[in-house]
Every structure is written in structure tokens, then in C-alpha cells.
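> The structure that follows is given in the form of C-alpha cells.
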Amino acid sequence: MGGGVVLLCPAKLNLALSVGPPGADGFHPLASTMLALDWGDTLRLERAEKTQWERMWATGAPKPGAIDWAEEKDLAIRAHRLLEQAVGRALPVRAQLQKNIPAGAGLGGGSSDAAGTLTGLNRLFDLRMPLEKLEELAASLGSDVPFFVRAQHGHPLCLAAGRGERLENLPWPAAMTQAWFALVFPHSACPTPGVYQAFDRLGRFGDPAGEGLDQVRAAACGEAPLFNDLERAACAVAPELELVLSCMRGQPGIPRAQVTGSGSCVYVAADNYAQAENAACLGRNAAELPTRVVRARQPDCSFAVGGIHH
């Protein structure tokens with residue numbers, strides 16, 4: 001594809017996640033520190049006479065499989081159609097989406113693709129839609145999509161509250177510039193609805209508007225441990241995660257491993273590359289699972305025209 005817009009649609013980690021009991025509407029309030037990574041899917045967009053979407057797994061993707069979900073359920077394609085409705089005209093493009101982020105991993109792949117689509121089309125067609133409006137559209141697609149829109153606009157570290165739609169940009173810790181992350185991908189996937197059903201059965205709810213929120217803020221600036229209220233529920237849905245965590249935890253020189261979001265990806269937040277690579281080696285050799293070593297997406301990195309901007 002020549003010209004157009006090329007974006008990295010980053011994966012995310014929940015560095016800290018507090019989840020409360022479901023409200024009358026069935027939704028769970030949450031508070032989370034969310035971090036975009038410098039690794040993810042690649043989206044290429046160029047103007048065309050007629051819209052055509054092509055979806056494929058990238059070469060070397062950690063868990064390639066069938067892209068068997070219908071276009072009507074693909075969040076990127078839904079984002080495209082939503083933006084067309086918002087501006088009241090067709091936005092015909094040739095779109096190529098190369099997937100790296102596994103489905104059901106808790107890394108937000110579909111949500112990130114949707115945010116990349118909104119951001120990329122806004123630039124490609126010079127719509128000049130403000131960030132606030134893009135986030136409003138994003139919220140109608142899913143709770144994580146507004147965060148990814150903000151990450152596309154240079155804010156990779158945010159506190160998300162409510163259903164994830166209330167965002168607060170967090171100060172960038174100096175240590176984050178040196179941080180590396182080892183990602184370990186279990187064979188199991190964790191469907192988000194199933195994890196929340198298990199979470200409700202366990203009944204171990206957090207307090208995302210009170211103590212849980214304080215813990216999330218403290219974890220964001222390195223003053224408290226990272227944590228995830230959904231980890232036990234994810235392990236209940238996918239017992240393989242218990243084995244992976246047991247394998248990764250307690251190893252000398254390797255920080256604590258934990259599940260991100262609703263799972264199933266397990267990650268280790270390391271102080272440097274060597275530490276992260278050691279953790280990844282453990283995941284590859286002891287657990288025999290695919291891994292990646294990645295960094296955080298740096299502040300003020302946004303989409304680029306004609307090339308991927310990291």
C-alpha cells in the first residue's frame with residue numbers, strides 16, 4: 001500500500017486494577033492504571049473508491065489463528081462505520097490490519113484497533129474531529145477504546161475509572177523510560193464475560209471509588225505493589241494460568257508475574273532488558289509458551305502518515 005496512514009495499534013497492560021460489584025445495570029465499576037506498549041497490531045489506511053478491509057496475522061505473531069469473527073463484530077470495522085455515521089458521509093478506504101495481539105489475552109487488541117481506526121481516518125480525511133469527540137465515539141464501542149484513542153494522541157499512561165471511560169492522564173514516571181516488560185502467552189484464552197461471571201461468583205470485590213482507587217494511584221507512581229482484582233477469576237476460567245504464575249513467581253532475579261486485565265496474558269514488569277529477557281526465557285523454556293519482550297509506548301508518540309511511529 002502506498003501513502004496513506006500507517007499506525008501502531010498498541011497493546012495495553014493493566015498495571016493495577018480494582019473492580020467493584022456490579023451495579024443495577026450489570027456493569028462493574030473499576031479503577032485501573034493503563035499503560036500502552038510499544039508493540040501491537042499494524043493498521044494501514046489509504047483512500048479508495050470503495051471500502052475494502054483485509055485482516056491477517058502478522059508474520060511471527062505469538063498466537064496466530066483463524067480470523068473467524070464476522071466483520072459486523074470486528075471493532076475496527078464498527079469504528080469505521082460509526083465515524084461515517086458521525087460525519088454523515090462515506091469514508092471509503094482500503095484498510096489492511098495485521099494482527100499481533102492475541103484474542104482473549106487481556107491486552108485490548110480489538111479496542112486498540114478501533115481507536116487506531118478512528119484516529120487514522122480522522123487524519124486521513126482531514127476531519128479535524130477533536131479528541132473529546134473521538135473519545136465520545138470510542139466509549140460507545142467499548143470501555144477500553146477511549147484509553148487507546150488517548151494513547152494514539154500521545155498519552156500512554158492513564159488512570160481509567162467508571163467503566164473505563166473516565167480518563168486522567170498520569171505523570172510519566174522517570175523509571176518507566178527504562179522499564180521493560182516480558183509478556184507470556186498461555187494457550188488458554190479468557191473471554192471477558194466469563195471472567196466477570198467467575199468474579200461475581202467469587203464475590204471478592206474491590207472498592208474502585210475508595211481504597212481501591214488509592215491503591216491504583218499509589219501503584220501508578222511506584223509507591224505500592226501492582227495488583228489485579230480479576231486475577232483469581234481469570235485463573236478460575238483458565239486453570240492453566242495458575243501453573244504459569246507458579247512457574248514465573250518466586251524465581252531469583254525476576255519480579256512478580258501477574259495477569260493483565262481479564263487475562264490470559266501474564267506479564268513481568270522489569271527494571272531493564274536483561275531482567276525482562278530472563279523472565280521471557282523462563283516462560284519459553286520452563287512453561288514452553290510464546291513470549292515477547294517489549295517497552296512502554298513513550299509520551300507524545302502519535303500516529304504518523306506514511307510510516308509507523310513508535
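Coordinate-derived values only; no laboratory data. Every value quoted in this text rests on a predicted model; they were computed, and no experiment measured them. Glycine also receives a Cβ, built like all others from the backbone with ideal geometry; neighbour counts cover every protein chain displayed.
> How far is helix 75-87 tilted, in degrees, relative to the longest principal axis of the Cα atoms in the chain, given as a value from 0 to 90 rounded to the nearest 10?
Tilt of helix 75-87: around 40 degrees.
> Would you mind calculating the gained length between Q197 and E132 on full extension (0.36 nm times residue separation, minus the Cα-Cα distance), in nm to one decimal?
20.2 nm
> Suppose R0 equals 25 Å; then what is the FRET efficiency for A274 and T177 from their Cβ-Cβ distance, rounded to the nearest 0.05?
Numbers: r = 16 Å, r/R0 = 0.65.
Once rounded, the FRET efficiency stands at 0.95.
> Rank A218, V266, P10 by how far each Cα sits towards the positive end of the charge dipole of the chain (+1 on Lys, Arg Cβ; -1 on Asp, Glu Cβ) and give me just the farthest.
Final value for the positive-end residue is P10.
> Using +1 on the beta carbon of Lys and Arg, -1 on that of Asp and Glu, and nothing else charged, what's the dipole of the range 5-173 about the Cα centre, debye to 20? Please list the in-between numbers first.
Working: 18 positive and 19 negative charges, 45 e Å.
With Lys and Arg at +1 and Asp and Glu at -1, about 220 debye.
> Highest mean first, what order results for 145-154, 35-44 on Cβ atoms within 10 Å?
Numbers: 145-154: 26.1, 35-44: 22.9.
The densest-packed peptide leads the list: 145-154, 35-44.
> D25 versus S246, label points 7 Å from Cα toward the beta carbon: distance in nm?
Taking the simple label geometry, D25 and S246 are separated by 4.1 nm.
> Note the angle between two axes, namely the Cα long axis of helix 109-124 and the longest principal axis of the Cα atoms of the chain, as a number of degrees from 0 to 90, rounded to the nearest 10.
Roughly 30 degrees between the two axes.
> Here's another thing I want to ask about it. Output the peptides 13-19, 247-253, 162-168 sorted from most to least packed, where packing is the average of other Cβ atoms within 10 Å over each peptide's residues.
The most tightly packed comes first, giving 13-19, 162-168, 247-253.
> Could you give the size of the charge dipole of the range 155-224 about its Cα centre, using +1 on the Cβ of each K and R and -1 on the Cβ of each D and E, expressed in debye and rounded to the nearest 20?
Once rounded to the nearest 20, the dipole reads 200 debye.
> Additional query: Please get the size of the charge dipole for the chain, origin at its Cα centre, with Cβ charges of +1 on Lys and Arg and -1 on Asp and Glu, quoted in debye to the nearest 20.
500
> Can you tell me the relative contact order of the range 5-173? Whole percent, Cα pairs under 8 Å, sequence separation 6 or more. Walk me through the numbers on the way to the answer.
Numbers: 349 pairs, mean separation 46.9, N = 169.
Relative contact order here is 28 percent.
> Spelling out what I want: for every residue of the range 237-249, take phi, set θ = phi - 60°, compute 6.51 cos²θ - 1.76 cosθ + 1.60 (Karplus), and round to whole Hz; glycine and proline get x.
Along the range 237-249, the couplings run 6, 10, x, 4, 4, 4, 5, 5, 5, 5, 5, 7, 7 Hz.
> Enter the Cα centre distance for the pair the range 131-147 and the range 271-300, rounded to the nearest angstrom.
Computed from Cα coordinates, the inter-centre distance equals 30 Å.
> Specify the inter-centroid distance of the range 162-220 and the range 1-76, based on alpha-carbon positions, in whole Å.
17
> Let me check against my output: what whole-number percent is the relative contact order of the range 175-295, with C-alpha pairs under 8 Å and at least 6 apart? Don't skip to the end; give the middle numbers.
On the way: 195 pairs, mean separation 51.5, N = 121.
That works out to 43 percent.
> Ok, one more. Multiply the residue separation of A286 and A90 by 0.36 nm, subtract the distance between their alpha-carbon atoms, and state the gained length in nm to one decimal.
Taking A286 through A90 to full extension adds about 65.4 nm, to one decimal.
> Helix 211-220 against the longest principal axis of the chain: what's the angle in degrees, Cα atoms only, rounded to the nearest 10?
Helix 211-220 and the main axis of the chain meet at about 80 degrees.
> Residues with beta-carbon under 13 Å from that of H187, excluding H187: net charge, scoring Lys, Arg +1 and Asp, Glu -1? Mind showing how you got there, number by number?
Details: positive: K63; negative: E240, E288.
Summing Lys/Arg as +1 and Asp/Glu as -1 gives -1.
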